[in-house]
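Let me begin by presenting the structure, written as structure tokens, before commenting on it.
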Amino acid sequence: MNQIEIDDLNKHYGAYHALRDINLKIPAGSFVALIGPSGCGKSTLLRTIAGLEKFTGGTLRIAGEVMNTRPPRERDVAMVFQSYALYPHMDVERNMTYSLRLKRRPREEILERAKSAANTLGLTALLSRKPRELSGGQRQRVAMGRAIVRNPKVFLFDEPLSNLDAELRVRMRGEIRRLHERLGATSVYVTHDQIEAMTMADYVVVLRAGRIEQQGAPLDLYDRPANRFVAGFIGSPSMNFLPARVAEDGRTAILGEADGQRIDLGREVEPGREILVGMRPEHLQIRPASDATGLQATVELLESTGSMTFMEARLAGAPITVSQAGRMAAARGEPVRLQIDPENLRLFDPATEAAI
Ligand SMILES: Nc1ncnc2c1ncn2[C@@H]1O[C@H](COP(=O)(O)OP(=O)(O)OP(=O)(O)O)[C@@H](O)[C@H]1O
Ligand SMILES: [Mg+2]
């Protein structure tokens, strides 16, 4: 089986500590996304799995075998890069089969694998074209084809769709996922696009500054973020965070400083405790200003995409975003009421940022 097991992995670039105590088990055949902000170590971790980077401590196993010092060619992994890294002077077929020719595989086998990959990827008619004669999406497919022909245990993808336009990205997401299901190899997919990660992966790993902040099924991360960082990173638009203080009753909190609006927490929290109240834009419901219940806010800006409306508003002195399906009309400066089911509130400690 093609599982990947990473234990206490650390990586330094000179004095810079790029990966810190990474522990990760990727089951055989699963599709795992590595996400996090720029510079958090996603590519470094992927390149470490590929054997393109040495690490400074820990153990990496692929299919049960320790890979720590194995060169890339002995790891049976194939990598697809953001830049595609195609050879400009070779046609599609030669680009795809380069690694097989390097390994001196029999000619018939090379032809057979190239044909099969081209067929899978819809490249059959383009086999004799050079990369410059292809569209971005077609080049991306050739880069995929080059990985497929090797029939690897593990596919490693480093932001393979980031050079494509929005529509093509969405289409390729589905194609890569279907391909993964068909081939049954283990896939590790780096992206900074959390929607891509959420829609494609079985399992998502969130990295920040070289550490794993949280790992789990996509909806677990959305429903139960372990800390403020993950809560803000997963979900679009991002979760709103409002500072508040738990009231004497221990079940409500007072938002902001001067404003003093109360919010029902729906649970017991230590009275007097300072907290951050997290509210997802899609969980806030807009009610008319005349409504007696809910939180009082002021409209600052409305943006509509046609199917969705995003409202920027001010609540207890803080800017917040509200999203709602469909359309709405409201003018800048108009008061509105916002309601949220206490079950949808997420509470965080302002100092440690951990979920409460
Ligand atoms: N060869 C290197 N020498 C020194 N530092 C490096 C080297 N390669 C990467 N780094 C540093 O290690 C950190 C992680 O880099 P990495 O490329 O893994 O980030 P990333 O998460 O892939 O970011 P991005 O989303 O921008 O691609 C960064 O701070 C980067 O500057
Ligand atoms: Mg990167």
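The values are calculated or read from the model by the stated rules, or taken from the named source; none is laboratory data. This structure is a prediction, so every number in the text was calculated from the model and none was measured. Cβ atoms come from the backbone with ideal geometry, glycine included; neighbour counts cover every protein chain shown. Just the protein is used for accessible areas: all its heavy atoms, side chains included, with ligands, DNA and RNA removed. Shrake-Rupley method; radii C 1.70, N 1.55, O 1.52, S 1.80 Å.
The relative contact order of the stretch 283-356 comes to 36 percent, based on Cα pairs under 8 Å that sit 6 or more residues apart.
Find how much the distance from residue 115 to residue 220 grows on full extension, using 0.36 nm per residue of separation minus their present alpha carbon separation; answer in nm with one decimal.
Values: separation 105, 0.36 × 105 = 37.80 nm, distance 4.05 nm.
In short, 33.7 nm is gained.
Suppose R0 equals 22 Å. What FRET efficiency, 1/(1 + (r/R0)^6) with r the Cβ-Cβ distance, do residue 53 and residue 1 give to the nearest 0.05? Walk me through the numbers on the way to the answer.
Working: r = 25 Å, r/R0 = 1.13.
With a Förster radius of 22 Å, E is 0.35.
For the stretch 211-273, a/c is not less than 1.5, where a ≥ b ≥ c are the root eigenvalues of the C-alpha gyration tensor, and a/b tops b/c. That puts it in the prolate class.
Let's see if you can work this out: charge +1 on each Lys and Arg Cβ, -1 on each Asp and Glu Cβ, no other charges. What is the dipole magnitude of the chain about its Cα centre, in debye to the nearest 20? It would help to have the intermediate numbers written out before the result.
Working: 48 positive and 44 negative charges, 441 e Å.
The calculated dipole for the chain is roughly 2120 debye.
Can you give me the accessible area per residue for the stretch 144-236, using a 1.4 Å probe, in Å²? Numbers along the way, then the final one.
Working: 3690 Å² over 93 residues.
Counting only protein heavy atoms, the per-residue value for the stretch 144-236 is 40 Å².
Along its three principal directions, the equivalent ellipsoid of the chain from the Cα gyration tensor extends over semi-axes of 47, 25, 15 Å, largest first. Here's the list of lysines a cross-link from residue 54 could span, going by alpha-carbon distance under 26 Å and ignoring same-chain residues fewer than 8 apart: 11, 25, 42, 103, 153.
A simple spin-label model places the labels of residue 85 and residue 170 3.1 nm from each other, with each point 7 Å out along Cα-to-Cβ.
Dipole orientation for the stretch 4-226: of the candidates 148, 201, 188, 148 has the Cα lying most toward the positive pole (charges on Cβ; Lys, Arg +1; Asp, Glu -1).
Helices in the chain, meaning DSSP H runs of at least 4 residues, each add -39500 (n - 2.57). Divided by all residues, the mean residue ellipticity at 222 nm is -7000 deg cm²/dmol.
Of the residues 118, 15, 325, the one that moves most in a GNM of the chain with alpha-carbon contacts below 10 Å is 15. Annotation: for a label point projected 7 angstrom from Cα along Cα→Cβ of residue 262, residues of the stretch 269-312 with backbone N closer than 13 Å are 294. Going by Cα centres, the stretch 106-167 and the stretch 17-95 are how many Å apart? Cα centroid to Cα centroid, the span is 19 Å.
Quick check for me: using +1 on Lys/Arg Cβ and -1 on Asp/Glu Cβ, what's the dipole size of the stretch 9-125 about its Cα centre, in debye to the nearest 20? Numbers along the way, then the final one.
Details: 18 positive and 10 negative charges, 46 e Å.
It comes to approximately 220 debye.
Considering only 118, 212, 40, the residue lying farthest towards the positive end of the dipole of the stretch 4-226 is 118, judged by Cα position with unit charges set on Cβ. Our coupling estimate for the stretch 33-48, obtained by passing each phi through the Karplus curve with A = 6.51, B = -1.76, C = 1.60 and θ = phi - 60°, is 9, 9, 10, x, x, 4, x, 7, x, 4, 5, 4, 5, 5, 5, 5 Hz, Gly and Pro reported as x. Between helix 136-148 and the chain there is an angle of about 60 degrees, using the helix long axis and the longest principal axis of the Cα atoms.
Residues of the stretch 269-345: accessible area per residue at 1.4 Å, in Å²? Spell out each step's value before the answer.
Working: 3880 Å² over 77 residues.
Counting only protein heavy atoms, the per-residue value for the stretch 269-345 is 50 Å².
Between residue 99 and residue 124, residue separation times 0.36 nm minus the direct Cα-Cα distance comes to 7.1 nm.
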